[in-house]
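What follows is one structure encoded as structure tokens, with my remarks underneath.
The values are calculated or read from the model by the stated rules, or taken from the named source; none is laboratory data. Note that the structure is predicted; figures quoted are calculated from it, not measured. Don't worry about glycine lacking a Cβ; one is built from the backbone with ideal geometry, like all the others, and counts go over all protein chains shown.
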Amino acid sequence: MTPPLTDFSRLCIHTITTRPWSLKECIDNYRDSEVPAITVWRQALEPQGAVESGRMLRESGLRVTSLCRGGFFPADTDAKRQAALDDNRRAIEEAVEIGAPLIVLVCGAEPSLSLSESRRQITEGIAAIADEAKTAGVRLGIEPLHPMYADTRSAVNTLGQANDIALELDHSHVGVTLDVYHLWWDPSLEAEIRRCGDAGKLFSFHVCDWRFPVRDILNDRGLMGDGCIDVRRLRGWAEDAGFRGDIEVEVFSTEYWGMDQQEWVERIKDAYLNHT
Ligand code: ZN
């Protein structure tokens, strides 16, 4: 049995979880709610730019856990693949500006290509930017997505596939991001978490829950305790595999975005202690 979390020292909230708030509002409210860490959705940087965002974040004293997201490597033309690499290079620069030690990679999929060809292009794309990420001091976390997203968002759909890519590339700055929403159903999950941890590749950990029924595959995630994922058990597996990093609450939810966001943050903190 995994013991419950007893304090908020590892709690990170992803800015998409409080989507109605600007980055400034996220920073001020997280800090006032004693949430110590933040993951920044890239779009949240746009209004004020990465440099000003970095200044705000440094001033706040919040720990930046990651920048979300890079990736989307596969494409049906060389020009589009090149544009994707350029965009990932911009993401690395932004991560440096805001002090994020990690970029989460949503790897992409091109529906006109086979999934195996998309995965080949993903591996090639990550290989192309890995040294630049290392030079910048930024790690890359391959995040496998649920197979429902295999058409356009990611051809990496299991932790086994993400581990295979990370181990094939064998690069100090390439590892894996484990998100319970995408992976909870996989019968090989416990074994693959161990494999990932043993290789030193478990870089980050996202939590939420799987509601039943899911009303919208993109924007109807549950808060921990709302659904059928045994989040605490999965956290236990990650910790048994050596993971000690921040626990990132990432809830895309039209329903929760409609709530008073300060109340929502209090509910997140409650679910963090009682269901994570
Ligand atoms: Zn995630």
(request) Could you please find all residues in segment 19-34 being assigned to a loop (DSSP other than H, G, I, E, B) and touching a helix residue (DSSP H, G or I) at 6+ places or on another chain (Cβ under 7 Å)? (result) R19, P20, W21, S33
(request) Determine the pairs where a residue that is more than 16 Å from L189 (Cβ to Cβ), located within segment 129-158, has a partner that is at pLDDT 95 or above and aromatic (F, W, Y) with Cβ atoms under 6 Å apart, the partner being 6 or more residues away or on another chain. (result) R139/F203; G141/F203
(message) Just to be sure before I move on: is D179 closer than 23 Å to T123 by Cβ and surrounded by fewer than 21 Cβ atoms within 10 Å (Cβ to Cβ) in the structure I sent?
(response) no
(request) Look at segment 146-161 and say how many of its residues are touching a Cys at 6+ places or on another chain (Cβ under 8 Å) and within 16 Å of the ligand (Cβ to nearest atom). (result) 3
(message) What pairs come out if I take residues in segment 173-194 that are under 20 Å from A155 (Cβ atoms) and within 15 Å of the ligand (Cβ to nearest atom) and pair them with residues that are of a type in the set (K, R) and part of a strand (DSSP E or B) whose C-beta lies under 7 Å away, six or more apart or interchain?
(response) G175/R139
(message) I'm told E132 meets every condition in (1) away from the ligand (no atom under 16 Å from the Cβ); (2) more than 16 Å from L102 (Cα to Cα); (3) touching a Lys or Arg at 6+ places or on another chain (Cβ under 9 Å) except one. Can you identify the failing condition by its number?
(response) (2)
(message) Anything in segment 82-101 that is in contact with a Leu (Cβ under 7 Å, 6 or more places away or on another chain) and at negative phi? List them, or say none.
(response) A91, E94, A95, I98, A100
(message) Taking the condition of being outside any loop (DSSP other than H, G, I, E, B) and of a type outside the set (F, W, Y), how many residues in segment 216-274 meet it?
(response) 29
(request) Kindly indicate the residue of segment 8-24 that is free of Cβ contacts under 8 Å to residues at least 40 places away in the same chain and more than 18 Å from the chain's Cα centre (by Cα) and also nearest to D246 (Cα to Cα) among those meeting that condition. (result) S9
(request) Give the residue that is nearest to the ligand (Cβ to nearest atom), with candidates limited to residues of segment 162-172 that are assigned to a helix (DSSP H, G or I) and of a type in the set (D, E). (result) D164
(message) Looking only at segment 182-213, count every residue that is under 16 Å from F243 (Cβ atoms), crowded, with 19+ Cβ neighbours inside 10 Å and of a type in the set (D, E) and tell me the total.
(response) 1
(request) Could you tell me whether any residue of segment 147-156 is closer than 18 Å to L234 by Cβ and assigned to a loop (DSSP other than H, G, I, E, B)? (result) no
(request) Would you mention how many residues in segment 84-109 are free of Cβ contacts under 8 Å to residues at least 40 places away in the same chain and surrounded by fewer than 22 Cβ atoms within 10 Å (Cβ to Cβ)? (result) 4
